[in-house]
Amino acid sequence: MRLGLVYEKQDCADTDGSPLMSMLSHMHRSRATMPENVQLLYATKGNSLNIKEVLFANRILSIASEYAASRLQVQFFLTEASGAKDVPTEQTTDLSNVLTKNGRMTGQDIEEALGDVEDRRDTVCYVCGPRQMTDELVEMVGKMEGMEAERVLCEKWW
């Protein structure tokens, strides 16, 4: 299994998610390199559950449309959607493998995406985003049961 975590700031021209989008596009184009199970968690500042306004969303949706839910799962987290401070609400899309959530990504969301503890020994996690978020997620995921710090990767461009 592979897990990708992305954060992108919609309120400016920030493209912190570009490395992960490049990896997903490459795996999709070559197909042979696409792991058995990919979990993409994409958090962004957004003020509606309309994911088409999110950077890279159209490309992600296009790729997701070509895979079964057992092979590729995508979750969009819109952190400034109305009611985000309340219990997150979920919205499905036309695709069974794409879910939009109103609110921030939580540790529980990540643990669920990682799957059963027994299955995590084959899991690699890639983290992209702003410095503080990346550092926090790399540390948190590396300490989760069944994970090892060596299998939680990020590109430190700073």
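We did not get these values from a lab; they are worked out from the coordinates using the rules stated. This is a predicted model, so every value here is computed, not measured. Positions of Cβ are generated from backbone atoms using ideal geometry, with glycine treated the same way; all protein chains shown enter the neighbour counts.
The residues packed around G142, meaning those with a beta-carbon under 9 Å from its beta-carbon, carry a net charge of -1 if Lys and Arg are +1 and Asp and Glu are -1. The phi torsions of the stretch 64-77, fed into the Karplus equation with coefficients 6.51, -1.76 and 1.60 and a -60° offset, translate into couplings of 4, 5, 9, 10, 6, 4, 6, 9, 9, 10, 10, 10, 9, 10 Hz, rounded to whole numbers, with Gly and Pro shown as x.
Near the amide H of V74, under 5 Å away, which other amide H atoms are found, from residues 5 or more places off or on another chain, if H is placed in the peptide plane? Long-range HN contacts for V74: L40, V98, L99.
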